[in-house]
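Note sheet for the following structure.
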Amino acid sequence: MTSIRVLKNFISITRHGSVAAAAREIGLTAAAAGQQLQHLEEEIGVELFDRNKRSLVLNNQGRALIEPIQEIIARYEALGAGFKTELSGTIVLGALVSSLMGHFGKALNELKRNYPELEIKLMAGLSSDFLEQVLEGKLDAAIVTESPFPLPQGALWTELYKEPMVLILPVNHSKTNGSKKASELIPANLPFIRFERKTWTGYLVDQTIKVNKLMINEGMEINSVEAIIELVRQGLGYSIIPQLANVDWKNDQRARIQILPGKAVYRKVGLLERRRHSRQNITSAIKDQFLNAVKKQD
């Protein structure tokens, strides 16, 4: 009979798309993880992945089993939970790297202190990528930017906090006061470093440019807020980014932020999950814990 470890191995492989990566996560050799997957397929009687020499791709049968297997794992981990006062088990969250430099980083730390038996696994990525992974059950939930497009009916997004979109400049750029027009804040001698257009945050950058009627000199396009900040610190350009909460902007020696005088545009960050899933008790606690942490800072 298949064990819980074999089922967890399958879920890990679906998340990573690699037996070797899954093996590292759960503490097995690649050979052992591969054998467990083969054992599961033999017991069920169907292949769960399409295989070739270089890749392992989840097929329709495999996708159909993700949620039922996650439910089995969740029920197993919940055994005895009625006798406990704390959350326990494992939740797999997608997270924007920049969210860990914002309010979510502190809230996550507080959550771990309050629920030491709760294991949180974080997968870094982009909001648009996480949507599909959440709907397919590869992730229990994800910390993402609000989608600029309507979400599928089965998805639920809950706002946790918001960050204003601001102009970031090298610190040696001449300082300006708040009475100047937005167009006068743009350095003519520097290129614009743009966050990737096709992302949800990239959409907000475009919106900020339009509402402030900015004329920009296009330079690089990058999908990392952290990399953009570092490039601006090196004097290689300027950008428009969300004002990350955990960056000490006032004491930054190489870059400064500037609030644009036009209509404010905000990046709203929240928890994306399926409307019904087996980890709702944990995601509810995450939302409550997070919102309480934000209130303490306000």
Identify all residues within the range 131-163 that are under 14 Å from the mean Cα position of the chain (by Cα) and loosely packed, with under 15 Cβ neighbours inside 10 Å; write none if there are none.
E132, E159
Go through the range 198-233 residue by residue and tally those that are within 24 Å of the chain's Cα centre (by Cα), free of Cβ contacts under 8 Å to residues at least 60 places away in the same chain and assigned to a helix (DSSP H, G or I).
9
Being touching a strand residue (DSSP E or B) at 6+ places or on another chain (Cβ under 8 Å) and of a type in the set (D, E) is the filter; apply it to the range 196-240 and report the residue that is nearest to M165 (Cα to Cα).
E196
Unmet requirement for D248, which otherwise passes all of (1) touching a strand residue (DSSP E or B) at 6+ places or on another chain (Cβ under 9 Å); (2) more than 30 Å from E67 (Cβ to Cβ)
(1)
Return the pair list, or none, for Cβ contacts closer than 8 Å from residues in the range 246-269 that are without any contact (Cβ under 8 Å) to a residue 24 or more places away in the chain to residues that are surrounded by 13 or more Cβ atoms within 10 Å (Cβ to Cβ) and among the charged types (D, E, K, R), at least 6 apart or on different chains.
W249/R256
In the range 107-130, which residues are surrounded by 16 or more Cβ atoms within 10 Å (Cβ to Cβ), part of a helix (DSSP H, G or I) and in contact with a Phe, Trp or Tyr (Cβ under 9 Å, 6 or more places away or on another chain)?
A107, L108, L111, S127, S128
Within the range 12-38, can you find the residues that are part of a helix (DSSP H, G or I), modelled with pLDDT of 85 or more, among the β-branched types (V, I, T) and surrounded by fewer than 20 Cβ atoms within 10 Å (Cβ to Cβ)?
none
So if I check each of I222, I228, which one is modelled with pLDDT of 90 or more and surrounded by 19 or more Cβ atoms within 10 Å (Cβ to Cβ)?
I228
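The values are calculated or read from the model by the stated rules, or taken from the named source; none is laboratory data. These numbers come from a predicted model, not from an experiment. No Cβ is skipped: glycine too gets one built from the backbone with ideal geometry, and neighbour counts run over all protein chains shown.
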